[in-house]
1. For the stretch 28-123, run through the trypsin sites (Lys or Arg not before Pro) and keep only the ones in DSSP coil with at most 16 other Cβ atoms within 10 Å of their Cβ.
2. GNM, the chain, Cα, under 10 Å: largest mean-square fluctuation among Ile66, Ile76, Ile211?
3. How big is the stretch 106-195 on each of its three principal axes, counting only the C-alpha atoms and giving the largest first in Å?
4. Quick one: Cα centre-to-centre distance for the stretch 20-96 and the stretch 102-117, in angstrom?
5. Would you mind telling me which residue in Ala77, Ala237, Ala13 has the biggest mean-square fluctuation in a Gaussian network model of the chain, where springs connect alpha carbons within a distance under 10 angstrom?
6. Extension gain Arg223-Ala77, at 0.36 nm per residue separation less the Cα-Cα distance, in nm?
7. Kindly put Ser173, Ser191 in sequence by how many other C-beta atoms sit within 10 Å of each C-beta, fewest to most.
8. Which value, in debye to the nearest 20, describes the size of the charge dipole of the chain about its Cα centre when Lys and Arg Cβ atoms bear +1, Asp and Glu Cβ atoms bear -1, and nothing else is charged?
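Taken together, the values in this text are just the output of simple stated rules run on the coordinates, not laboratory data. On a predicted model such as this, the values are computed, not experimentally measured, just so you know. When we count neighbours, we look across all protein chains shown, and the Cβ atoms used for this are built from the backbone with ideal geometry, even at glycine.
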Amino acid sequence: LPAFVFQTGKDLALHAAQIISRLIRERSDLGQSTVLGLPTGSTPVGTYRELIRLYDEQGLDFSNVIIFCLDEFYGIAKDNPQSHRLWLAEHFFNHVNVKQENVHCLDSQVVASDIELHCRRYDDLIQGAGGFDLVLLGIGRNGHIGFNEPFSMRKSRTRLCTLDPITRQGCASDFFGESNVPVQALTVGLSPILAARHVLLLALGEHKAAIVTETLEGVISDRVPASYLQEHVDARALLDLPAAGLLT
Ligand code: F6R
C-alpha cells in the first residue's frame, strides 16, 4: 500500500480532491458516471471543502456523480445532527450540483425486520451502478474502515454491526457522553470497498500514527481491517507528517 506524505493537511486535501476531480472529468468526458463511496468524520473535511471550491471556481461538474455514504449509526433519529446523511449533506453534497436521486445513504431508522433487505438493496444499488470507481476512507484508531470493525470478514457485505468500544469512545464528545453513542451501526462491507477500482485512505494526526504503521507495514489480518488494502491494486494512503511519523 503506497504512502504519500504531505507537509500539511491542506496539501493532502488538495491532492485528494485533485485525484477525485480528475477521475470525474475523465469519466464524464467518456460519457460515464463516477460512483464514489464517501466517509464522514474529521479527516475528509478538507477534501470536501476543496471539491466544493473546484465546483465553485472551476465548474467541476457533479451531475454525473453517484454518491454512497459508507456508513450510518443505527437507531438515531433522521434529524440527529450526528446522522451521517446530514453530515455529508452539510459538509459536501448540498454545496455541489450532485443530483438528489444520485445520493444514497443507509437508513438509521430501518426497522429490525427490514435490515437484511435494506442492506441487500444497498449492495444491489452499488453493483447496479457498476461498483465503486473510487472509495475515500478515513481510518479508525482500531483500523476500521467504514464501520468495519476489527474481525470483520474480508468478504463482508453491507450489514448491521456492533461498534467497537474504541469507536464509541471516539464518538463520545459528539454524542455528549459515551453512553449516548449508538451500540450498532450500518456499514458498507469490506467486499464492495475492496472491489473499488481506486481507494484513497486518508489519515491525519499523530493519534493515527500507530494504526497507520500497522496498516501499511504490519501483517494483513482481520484484526486490522484496513490492512486488507495492502492487497488492493490501486489503493493509496495519503498521510500528513504526524500520521506518517512512525513509518520505517
Ligand atoms: C465514518 C467512517 C469512519 C471514519 C474513521 C475516522 O463515516 O467511515 O471509518 O473514517 O472513524 O474518523 P475521523 O476522520 O473522524 O478520525
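1. Within the stretch 28-123, the qualifying trypsin sites (Lys or Arg not before Pro) (loop, at most 16 other Cβ atoms within 10 Å) are Lys78, Lys99.
2. Of Ile66, Ile76, Ile211, the Gaussian network model singles out Ile76 as fluctuating most.
3. Cα extents, longest axis first: 39, 29, 21 Å.
4. Using only Cα atoms to place each centre, the spacing works out to 19 Å.
5. Of Ala77, Ala237, Ala13, the Gaussian network model singles out Ala77 as fluctuating most.
6. 49.4 nm
7. Details: Ser173 10, Ser191 15.
Listing Ser173, Ser191 from fewest to most nearby Cβ atoms yields Ser173, Ser191.
8. Charge dipole, the chain, about its Cα centre: 220 debye, nearest 20.
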